[in-house]
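Student: Sending over a structure as C-alpha cells; questions will come in a sec.
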Amino acid sequence: QVQLVESGGGLVQPGGSLTLSCAHSTSFSNIFATTWYRQVPGRQRREVVARIGNRDETEYGDFVKGRFIISRESAKNTVYLQMNKLEPEDTAVYYCSAVVMLNSRDMSTVWGQGTQVIVSS
C-alpha cells in the first residue's frame with residue numbers, strides 16, 4: 001500500500017513561514033492528485049488547504065489568500081506546501097492525502113499521519 005510521510009511542522013511566530021513536505025512511497029505516475037488538508041482544534045471537519053493534480057494543476061482554499069504555494073518534486077516523489085505570512089488561525093494539524101491509481105479503473109485514497117503547525121508568539 002502506498003504510504004505518505006509528512007514532515008516540517010512546528011512552532012512559528014505570526015508572520016513567519018514554514019514548508020511542509022509529503023513524501024510518497026510511489027512515483028507520481030501512480031498518483032491522480034495530492035491534497036493538503038488541515039484540522040483546526042475543536043473542529044471535526046478537515047478543510048482543503050491546497051491540491052495539486054497529475055498535470056501540476058493547483059487549487060487552494062479561500063482562506064489561503066495567496067499566502068501558500070503547493071508544488072511537487074518528481075525526483076523525490078514529494079509534495080511541498082510552502083506557507084507564508086502565517087496567522088494564529090492557521091494553527092492546526094496538517095494532513096497529506098493522495099488519490100492513488102491502482103489500475104486503469106480503480107483508485108484509492110491514502111492519508112499521512114499528520115503534522116502539527118502552531119502559530120503563536
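Student: Can you work out ³J(HN,Hα) from phi for every residue in the range 35-47, in order, using Karplus 6.51 cos²θ - 1.76 cosθ + 1.60 and θ = phi - 60°, giving whole Hz and x for Gly and Pro?
Tutor: 10, 9, 10, 9, 10, 6, x, x, 10, 7, 7, 8, 10
Student: Rounded to the nearest percent, how much of the accessible area of the range 25-71 (1.4 Å probe, protein heavy atoms only) is carbon and sulfur?
Tutor: Details: 1230 of 2790 Å².
Of the solvent-accessible surface of the range 25-71, carbon and sulfur hold 44 percent.
Student: A further question follows. Given a Förster radius of 25 Å and the C-beta distance between Lys65 and Ile118 as r, what FRET efficiency does 1/(1 + (r/R0)^6) yield to the nearest 0.05?
Tutor: So, using R0 = 25 Å, E works out to roughly 0.80.
Student: Residues of the range 1-30 with amide nitrogen under 20 Å from the 7 Å Cα-to-Cβ point of Ser108?
Tutor: The answer is 1-6, 23-30, whose backbone nitrogens lie closer than 20 Å to the label point.
Student: Still on this model: Could you sort Asp56, Asp90, Asp106, Asp62 by their accessible area in this structure, using a 1.4 Å probe and putting the largest first?
Tutor: Ranked from most to least accessible, the order is Asp62, Asp56, Asp106, Asp90.
Student: Right, next: Would you mind getting the accessible area per residue of the range 1-102, heavy atoms of the protein chains only, 1.4 Å probe, in Å²?
Tutor: 53
Student: Can you tell me the dipole magnitude for the range 48-121 around its Cα centre, using point charges on the Cβ only (Lys, Arg +1; Asp, Glu -1), in Debye to the nearest 20?
Tutor: Roughly 180 debye, rounded to the nearest 20.
Student: Let me have the relative contact order for the chain, percent, based on Cα pairs under 8 Å that are six or more residues apart.
Tutor: 36
Student: Beyond 16 Å, what share of the Cα-Cα pairs of the range 35-120 remains, rounded to the nearest whole percent?
Tutor: 56
Student: What's the magnitude of the charge dipole for the range 1-70 around its Cα centre, counting Lys and Arg as +1 and Asp and Glu as -1 at the beta-carbon? Answer in Debye, nearest 20.
Tutor: Details: 8 positive and 6 negative charges, 47 e Å.
The dipole magnitude comes to about 220 debye.
Student: Trypsin sites (Lys or Arg not before Pro), restricted to the range 1-77: which are DSSP loop and have at most 15 other Cβ atoms within 10 Å? Each step should come with its number before you reach the end.
Tutor: Working: sites: Arg38, Arg43, Arg45, Arg46, Arg51, Arg55, Lys65, Arg67, Arg72, Lys76; in loops: Arg43, Arg45, Arg46, Arg55, Lys65, Arg67.
Answer by residue number: Arg43, Arg45, Arg55, Lys65, Arg67.
Student: Another one. Please find the FRET efficiency linking Glu87 to Arg45, where r is the Cβ-Cβ separation and R0 is fixed at 22 Å, and quote it to the nearest 0.05.
Tutor: Once the sixth-power term is evaluated, E becomes 0.70.
The values are calculated or read from the model by the stated rules, or taken from the named source; none is laboratory data. In this text, all values refer to a predicted model and were calculated from it rather than measured experimentally. Every residue, glycine among them, receives a Cβ derived from its backbone with ideal geometry; neighbour counts consider all protein chains shown. Ligands, DNA and RNA are excluded from the accessible area calculation, which covers all protein heavy atoms including side chains. Shrake-Rupley method; radii C 1.70, N 1.55, O 1.52, S 1.80 Å.
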